[in-house]
Amino acid sequence: MPYTIKDLRAEAAEMAGREPGKNWHKRFFKKFPELQPSKGTKLDPKRAKHFNEAVIKDYFDQMECLHARFPGGIPPQHIWNMDEKGIQMGGGRKNSGRKYLFLKHKKQKYHIRSDNLELVTVIECVSAAGEVVPPSFCLQEGSWPDLRELDDDQWGR
């Protein structure tokens with residue numbers, strides 16, 4: 001779990017035996033410019049388990065082996081990417097504004113947070129050749145949102 005500024009100040013207080021001044025953390029960041037407070041992106045614990053360099057490298061190694069097995073490789077129209085996006089239906093919790101400490105050069109800044117709010121899942125599929133399948137919506141049992149007014153050209157957006 002990444003540290004918050006509050007966590008950092010608590011660690012400093014424990015080491016020093018007294019509370020640091022109110023601007024201590026600002027001087028700390030000047031001394032260690034590779035760290036920066038930043039809001040992280042939420043990452044579900046189940047996803048975090050498989051979101052690492054070894055798993056991703058293994059995926060691309062397997063893709064390379066598949067391409068090598070077939071003369072000329074796998075045609076782009078036979079390679080598809082599926083993506084899903086959860087959308088909260090009823091508003092939800094407000095952002096706490098809490099910032100976490102990350103290394104500056106790291107592009108991905110995640111903190112793990114579980115959420116049990118009602119979601120609609122939107123699934124899209126796109127081929128390496130650019131073909132698009134209209135999105136699918138996965139809803140919980142109950143009333144459905146009215147999608148009848150969407151034009152055909154809006155489905156791929």
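The values are calculated or read from the model by the stated rules, or taken from the named source; none is laboratory data. Here the structure is a predicted model, which is why all the values come from computation and not from measurement. Cβ sites come from the backbone with ideal geometry, for glycine too, and all protein chains shown count toward neighbours. Ligands, DNA and RNA are excluded from the accessible area calculation, which covers all protein heavy atoms including side chains. Shrake-Rupley method; radii C 1.70, N 1.55, O 1.52, S 1.80 Å.
Structure notes:
- Tabulated pairs, the range 57-76, first at negative phi, second of a type in the set (Ser, Thr, Tyr), C-beta under 7 angstrom, 6+ apart or interchain: 76/127
- Cβ-Cβ under 8 Å pairs, at least 6 apart or on other chains, the range 1-22 side over 22 Å from residue 108 (Cα atoms), far side open to solvent by 40 Å² or more (accessible area, probe 1.4 Å) and not charged (D, E, K, R): 9/24; 11/3; 12/24; 12/28
- Of all residues making up the range 47-86, the number that are in contact with a Ser or Thr (Cβ under 8 Å, 6 or more places away or on another chain) and β-branched (Val, Ile, Thr): 1
- Among the candidates 10, 54, 68, residue that is out of contact with any Phe, Trp or Tyr (no Cβ under 7 Å at 6 or more places or on another chain), among the small types (Gly, Ala, Ser) and within 29 Å of residue 131 (Cα to Cα): 68
- Any helices (runs of 4 or more DSSP H) falling wholly within the range 12-86 and containing at least 1 residues that are open to solvent by 90 Å² or more (accessible area, probe 1.4 Å), under 21 Å from residue 98 (Cβ atoms) and modelled with pLDDT of 90 or more: 24-31
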